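**Q** Input: one structure, supplied below.
FYI, it's all coordinate maths here, none of it is from the lab. Remember, predicted model here, so these are calculated numbers, not experimental data. Methodologically, a virtual Cβ is constructed for each residue, glycine included, from the backbone with ideal geometry; neighbour enumeration extends over all protein chains shown.
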Amino acid sequence: MLDQINIRAASVLVAVLILSGCAGGNYRPVSDTPVRIGRPYIVRGTTFVPAADPTYDMLGYASWYGAESGNRTANGERFRPRWITAAHTTLPLPTYVEVTALETGRRIIVRINDRGPFATGGGRIIDLSRGAADELGIKAQGHAPVRVRRVEPSEKDRARLRAGKPASELPPLPPGRLANLRMQLATGMQAPIAESGNPGAPLRR
């Protein structure tokens, strides 16, 4: 009788494991709801305080990561290195941002679903996935100057990014505006001055 009970218990356990595998394990489905902000946290002695920031618009440097394939992101989704995603220390998860490569003017829309970068020094403000770095054209560099601006893309672009595809292509930033941003970064300014209108306004193509 005891052996039969043990066999039944083992069968139930196997069934649960199979169902868990079919359901994608413990990964959260890729969704824009609910948006998670999270509590303050400490990494390597530095305290980070997540918060909503509709007008977020910063100059700094981007790095990229891609060896963590299959890991859980900070909001519970599965990390897929080829998708156009990124990590940020404090913005809500998910948040959509426009990332501009200051050396070329190329712009892309990125979905933030993870926390980081936590490397000390270097002025890093965002950690791109390998796919995002490749799409922006900075993969070979590994560390590049960027502008990161919060945006509200169309639902079509959101859906594309949630499905692992790039958003609609954006025209490069005009040379004059690009030169202005480079100058501000070179002089140590933390955030670009609004060039026209509200820098946190919905994305315009």
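**Q** Take each of the peptides 26-36, 150-160, 125-135, average the number of other beta-carbon atoms within 10 Å over its residues, and list them starting from the highest.
**A** Ranked by mean Cβ neighbours within 10 Å, highest first: 125-135, 150-160, 26-36.
**Q** Divide, for the range 41-186, the radius of gyration over alpha carbons by 2.2 N^0.38 Å, where N is the residue count.
**A** Numbers: Rg = 14.3 Å, N = 146, 2.2 N^0.38 = 14.6 Å.
Normalised Rg, Cα atoms only: 0.98.
**Q** What residues of the range 95-132 lie in the reach of a label at ILE42, counting those whose backbone N is under 12 Å from a point 7 Å from the Cα along Cα→Cβ?
**A** none
**Q** Starting from the amide H of ASN71, placed 1.01 Å from N in the peptide plane, find each other amide H under 5 Å away whose residue is 5 or more places distant or on another chain.
**A** So ASN71 has HN proximity to PHE79.
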